[in-house]
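Input: a single structure, listed below in structure tokens.
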Amino acid sequence: MSITKDQIKHVAKLSRLEFKDENIEDFTSKFDSVINYVEKLKSVDTTGVKPTYHPHSDIKNVMRDDVVKESLERDKIMKNAPESENGYIKVKKVID
């Protein structure tokens, strides 16, 4: 199977990408190489090979469990706030 320049142009159009003609030639060659490689992979006998979903299956979560704790008292928090309004900490506007 090989890919044509027209197919590359079609995919570029669908992707709303614009390429110069000299780039189309280069992409055609590179896509053709990728497709040929995938075709070659299809011919590999994988009978008896266990499916792998992640190359590092022995990775463990190192994050601690989420534990519900008592919240801080609002009054103590507001004492540390440089400015407050209606019971909320007031900050400078960051979005126009």
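The values are calculated or read from the model by the stated rules, or taken from the named source; none is laboratory data. Please read all numbers here as calculations on a predicted model, not as lab measurements. We place every Cβ from the backbone using ideal geometry, glycine too, and count neighbours over all the protein chains shown. For the accessible areas, the whole protein counts, side chains as well, though only heavy atoms, and no ligand, DNA or RNA atoms are used. Shrake-Rupley method; radii C 1.70, N 1.55, O 1.52, S 1.80 Å.
Tabulated data
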read-out	value
Answer from ILE3, ILE89 - the residue that is surrounded by 10 or more Cβ atoms within 10 Å (Cβ to Cβ) and touching a Phe, Trp or Tyr at 6+ places or on another chain (Cβ under 8 Å)	ILE3
Looking only at the range 9-68, and only at residues there that are assigned to a helix (DSSP H, G or I) and of a type in the set (Ser, Thr, Tyr), the one that is most open to solvent (accessible area, probe 1.4 Å)	TYR37
Any hit, the range 44-67, residues being in contact (Cβ under 8 Å) with a residue 24 or more places away in the chain and not hydrophobic (A, V, I, L, M, F, W, C)	no
Scan of the range 16-55 for residues that are acidic (Asp, Glu) and more than 18 Å from ASP6 (Cα to Cα), ordered by number	GLU39, ASP45
